[in-house]
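Okay, so here's the structure we're looking at.
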Amino acid sequence: MEDVIKVRQLSKSYKDLAAVKDLSLSVKHGTVFGLLGANGAGKSSAIECILGTKKYDSGMVSILGMDPQAKRKLLFENVGVQFQEANYQDKITVGELCEVTESLYKKAVDYRNLLGRFGILSKEKNTVSELSGGERQRLFIVLALLPDPEVVFLDELTTGLDTKARHEVWKILSNLKAKGLTILLTSHFMDEVEALCDTICILKKGQTVFYGTVPEAISKSPHDTFEDAYLWYSDEGADDDENI
């Protein structure tokens, strides 16, 4: 399988603070890659640099064979992005927001079909402010999938969802993966990572402390479960709560 995302020795600093240090990773076509770490580990900065929305200090990034900074407009016709703290006008309806988002792309899938698959079609005429936290989260995923992307970036994709809804989202994403969608995600739910991710990278203070599969992460740690292994690698909770 070809590498859809390639990152080589990516570094990003803010004055004297090194947010990302020599990050290298590759994501193959039709796979799910998990970028993990405690708050402040550098995940947000890494993703922003990979997407080209933030300039990095050194290194190389390629998505679908393109430099995301030089080919941003062309690239985003084929890349979907969902962020945990997406800000939209509260008084806009779900349907209106989908239509506005559709207009940004040359091609887009039927948003009503996506709303139905994610269980929120009945909310089409509701304003975004009327949605529950879980419904908003599902809407943000729908918006990321509207351009029928080849690659999608998902940030804490099931935050606010109940167990049933989380599993339904996993099933939808697994089906999309089987059809060739490439996914890079962040998550603090280790059961989600185990269920979805083919490969993971755990960051600690901007540096890679583990890269490989979930079973490899367990076997190379002193623990028997992935959640405990992750906590061991990441020192979750020991870092500053500030997102970097």
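If I filter region 122-137 down to residues being in contact with a Leu (Cβ under 7 Å, 6 or more places away or on another chain) and charged (D, E, K, R), which single residue comes out as farthest from Val94 (Cα to Cα)? Taking the candidates together, the pick is Lys123. Taking region 1-100 as the region of interest, the strands (runs of 3 or more DSSP E) fully inside it that hold 2 or more residues being surrounded by 15 or more Cβ atoms within 10 Å (Cβ to Cβ) and at pLDDT 95 or above are 3-14, 17-28, 32-37, 58-63. Exactly one residue out of Glu135, Glu156, Glu150 is charged (D, E, K, R) and within 25 Å of Lys106 (Cα to Cα), and it is Glu150. Scanning region 201-223 for residues that are within 19 Å of the chain's Cα centre (by Cα), closer than 22 Å to Lys21 by Cα and not basic (Lys, Arg) returns Cys201, Ile202, Leu203, Gly206, Gln207, Thr208, Phe210, Tyr211, Gly212, Thr213. Count of region 101-115 residues, restricted to those that are in a loop (DSSP other than H, G, I, E, B) and buried (at least 16 other Cβ atoms within 10 Å of the Cβ), is 2. Checking each residue in region 219-241 for being surrounded by 15 or more Cβ atoms within 10 Å (Cβ to Cβ) and of a type in the set (D, E, K, R) picks out Glu227, Glu236, Asp239. Among the candidates Lys177, Lys123, Lys106, Lys164, the residue that is more than 15 Å from Gln82 (Cα to Cα) and under 19 Å from the mean Cα position of the chain (by Cα) is uniquely Lys177.
The values are calculated or read from the model by the stated rules, or taken from the named source; none is laboratory data. Because the structure is predicted, anything quoted here is derived from the model rather than measured. As a convention, Cβ positions derive from the backbone with ideal geometry for all residues, glycine included, and neighbour counts pool all protein chains shown.
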